[in-house]
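Following: one structure in structure tokens, then a few remarks.
The values are calculated or read from the model by the stated rules, or taken from the named source; none is laboratory data. Predicted model, so just to flag it, every value in this text is computed and none were measured. All Cβ positions, glycine included, derive from the backbone under ideal geometry; neighbour counts span all protein chains shown.
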């Protein structure tokens, strides 16, 4: 394994200077104040003496810890302790930051703040986020890799994982047509009435009938007022990818 | 090397920020104070009875008090070494050091030096107590210092063994109990060595931690005894590095 071109096996000390790591439980020393702790982390990661005060101030600023600088870590709330953990991972400005489940056990407001912080970190560092909370991944990450039973089952951008899979749309009309009339529009494989004015439209394979649908609506005076492609959430994709695999495996087992 | 000093500094800071260290120092000082007075009392009585002009107060302090201090420290050191690795592992804070650009040797040495700062403080308090006698008599300073040096070496040896055992488990209490057991075994090896019917009695005698303390306590600083303690310390620190390396792979 190499970090920033330095092998972790051959030269672990140099490789680790490029790495910031926050494990699931932040590795904190409760007896120290935030300042003492971050200064220790900076020294431990070979930040030059002259820059240490700056590095600590920067990390505190980024994680919103400036007001807590002289408090003992053991007296901080869980959310602030998590922030100290993140500050610890970025104090030496590493190229790669690895965060393992950084929002576990936080309240919704803290989660939002931490996510915002992680987004900001992404501008300056490469952040690897490990999480089981898929909406979090969807809102924070650019690229996603799904690992199932030690096998990579998906790797790509979050957008591709969710948007490209669109196979259906919700349409609404002020003067709704009959289901049969909708079904006659080319490229539509199935129609299901949701209520008096809304329909769920399934696309024929490999076709996007949205333009044809809008044109038909204009021609027949259906007064289209909603056309929304159904995107899958990352969670649905995840379930699809991981359980699909299992069923496949089961089939294979049964076949054998 | 800077890694070692960084870790040692923060380790010492953490030891002295915890109430455990102060509680231990306070209790030790009270108990040793009581023994100090008892030994002084015994000395004044012995002096009245005996006609030996060679008998000095340093015999009682060096011989008696430091022997007692040794037993008390045997109980205390496991409490301090258990936190070094076992407690950190339990608190999940060990990853900070392991993922940092510091070698295992630096981590182990740093932790050991941090612990040494506490042991030095304990012995400094004892030294302060002994040297109060300077006010009333001409003290045999060399003998007192030899005794203190022996005590320090003995404590560092205890500490190194405790540090190694602390790397073996994630339960601090188990680390403390096991350390106490191991130290006691090294201690009684001397007693085994004294029995003439035991085979290899000399070897047991040589390995015993307490045997090498006897000379120093009598004011004899021999390089062989000092070397024994240094080897003992290095052996256990090396074992600790090996153990952490095994865990990593």
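Only one of these is out of contact with any helix residue (DSSP H, G or I) (no Cβ under 8 Å at 6 or more places or on another chain) and under 25 Å from residue B:153 (Cβ atoms): B:57, B:71. Name it. Full working, then the answer.
Working: B:57 fails: out of contact with any helix residue (DSSP H, G or I) (no Cβ under 8 Å at 6 or more places or on another chain).
Going through B:57, B:71 in turn, the sole match is B:71.
If residue A:169 satisfies every condition in (1) surrounded by fewer than 16 Cβ atoms within 10 Å (Cβ to Cβ); (2) farther than 30 Å from residue A:86 by Cα; (3) in contact (Cβ under 8 Å) with a residue 60 or more places away in the chain but one, which is the exception?
So residue A:169 meets the others, but not (1).
If the requirement is being free of Cβ contacts under 8 Å to residues at least 40 places away in the same chain and in contact with a strand residue (DSSP E or B) (Cβ under 8 Å, 6 or more places away or on another chain), which of these qualifies: A:158, A:140? Break it down into steps so the answer makes sense when it comes.
Details: A:158 fails: free of Cβ contacts under 8 Å to residues at least 40 places away in the same chain.
The unique qualifying residue is A:140.
Exactly one of these conditions fails for residue A:1: (1) at pLDDT 85 or above; (2) exposed (fewer than 14 other Cβ atoms within 10 Å of the Cβ). Give me its number.
(1)
Just to be sure, is residue A:117 within 14 Å of another protein chain (Cβ to nearest Cβ) and either crowded, with 20+ Cβ neighbours inside 10 Å or more than 23 Å from residue A:8 (Cα to Cα) (or both)?
Details: within 14 Å of another protein chain (Cβ to nearest Cβ): no; either crowded, with 20+ Cβ neighbours inside 10 Å or more than 23 Å from residue A:8 (Cα to Cα) (or both): yes.
It is false that residue A:117 is within 14 Å of another protein chain (Cβ to nearest Cβ) and either crowded, with 20+ Cβ neighbours inside 10 Å or more than 23 Å from residue A:8 (Cα to Cα) (or both).
Do we have residue A:24 as touching a residue at least 24 places away in the same chain (Cβ under 8 Å) and in contact with a helix residue (DSSP H, G or I) (Cβ under 6 Å, 6 or more places away or on another chain) here? Steps first, answer last, please.
Numbers: touching a residue at least 24 places away in the same chain (Cβ under 8 Å): yes; in contact with a helix residue (DSSP H, G or I) (Cβ under 6 Å, 6 or more places away or on another chain): no.
Against the criterion (touching a residue at least 24 places away in the same chain (Cβ under 8 Å) and in contact with a helix residue (DSSP H, G or I) (Cβ under 6 Å, 6 or more places away or on another chain)), residue A:24 does not qualify.
Taking the criterion of being modelled with pLDDT under 90, over 16 Å from residue B:91 (Cβ atoms), within 9 Å of chain B (Cβ to nearest Cβ) and buried (at least 20 other Cβ atoms within 10 Å of the Cβ), would at least one residue in the range A:45-65 satisfy it?
The answer is yes; a qualifying residue exists.
How do the helices (runs of 4 or more DSSP H) wholly within the range B:163-237 filter down when requiring 3 or more residues that are under 18 Å from residue B:70 (Cβ atoms): which remain?
Helices (runs of 4 or more DSSP H) meeting the threshold: B:172-194, B:209-217.
Considering only residues that are at the interface with chain B (Cβ under 7 Å from one of its Cβ atoms), assigned to a helix (DSSP H, G or I) and under 28 Å from the mean Cα position of the chain (by Cα), look in the range A:1-44 and name the one that is nearest to residue A:92 (Cα to Cα).
Ranking the candidates gives A:17 first.
Take residue B:116 and decide whether it is closer than 24 Å to residue B:158 by Cα and away from chain A (no Cβ under 14 Å). Give the derivation first.
Numbers: closer than 24 Å to residue B:158 by Cα: yes; away from chain A (no Cβ under 14 Å): yes.
Yes, satisfied.
Look at the range A:119-136 and say how many of its residues are farther than 24 Å from residue A:148 by Cβ and in contact with a strand residue (DSSP E or B) (Cβ under 6 Å, 6 or more places away or on another chain). Outline the logic, then answer.
In the first step, residues of the range A:119-136 are kept if they are farther than 24 Å from residue A:148 by Cβ; the result is A:119-125.
Then keep just the ones that are in contact with a strand residue (DSSP E or B) (Cβ under 6 Å, 6 or more places away or on another chain); that gives A:121, A:125.
The number of residues fulfilling the criteria is 2.
How many of the residues making up the range A:66-75 are within 12 Å of chain B (Cβ to nearest Cβ), surrounded by fewer than 17 Cβ atoms within 10 Å (Cβ to Cβ) and part of a helix (DSSP H, G or I)?
Within the range A:66-75, the subset within 12 Å of chain B (Cβ to nearest Cβ) is A:72-74.
Restricting the remaining residues to those that are surrounded by fewer than 17 Cβ atoms within 10 Å (Cβ to Cβ) gives A:72, A:74.
From what's left, part of a helix (DSSP H, G or I): A:74.
Qualifying residue count for the region: 1.
Being closer than 29 Å to residue A:133 by Cα, away from chain B (no Cβ under 14 Å) and not in a helix (DSSP H, G or I) narrows it down to one of A:99, A:106, so name that one.
Details: A:99 fails: away from chain B (no Cβ under 14 Å).
Criteria check complete, one pass: A:106.
Only residues that are surrounded by fewer than 20 Cβ atoms within 10 Å (Cβ to Cβ) and over 15 Å from residue B:68 (Cα atoms): list them for the range B:117-131, please.
B:117, B:120, B:121, B:124, B:128, B:131
Kindly state which helices (runs of 4 or more DSSP H) lie completely within the range B:1-111 and contain at least 1 residues that are away from chain A (no Cβ under 14 Å) and within 28 Å of residue B:244 (Cα to Cα).
Numbers: elements: B:2-17, B:19-49, B:66-81, B:94-98.
The helices (runs of 4 or more DSSP H) meeting that bar are B:66-81.
Residue A:127 - would you say it is assigned to a strand (DSSP E or B), touching a helix residue (DSSP H, G or I) at 6+ places or on another chain (Cβ under 9 Å) and not assigned by TED's automatic domain parsing to the domain that holds residue A:38?
Details: assigned to a strand (DSSP E or B): yes; touching a helix residue (DSSP H, G or I) at 6+ places or on another chain (Cβ under 9 Å): yes; not assigned by TED's automatic domain parsing to the domain that holds residue A:38: no.
Against the criterion (assigned to a strand (DSSP E or B), touching a helix residue (DSSP H, G or I) at 6+ places or on another chain (Cβ under 9 Å) and not assigned by TED's automatic domain parsing to the domain that holds residue A:38), residue A:127 does not qualify.
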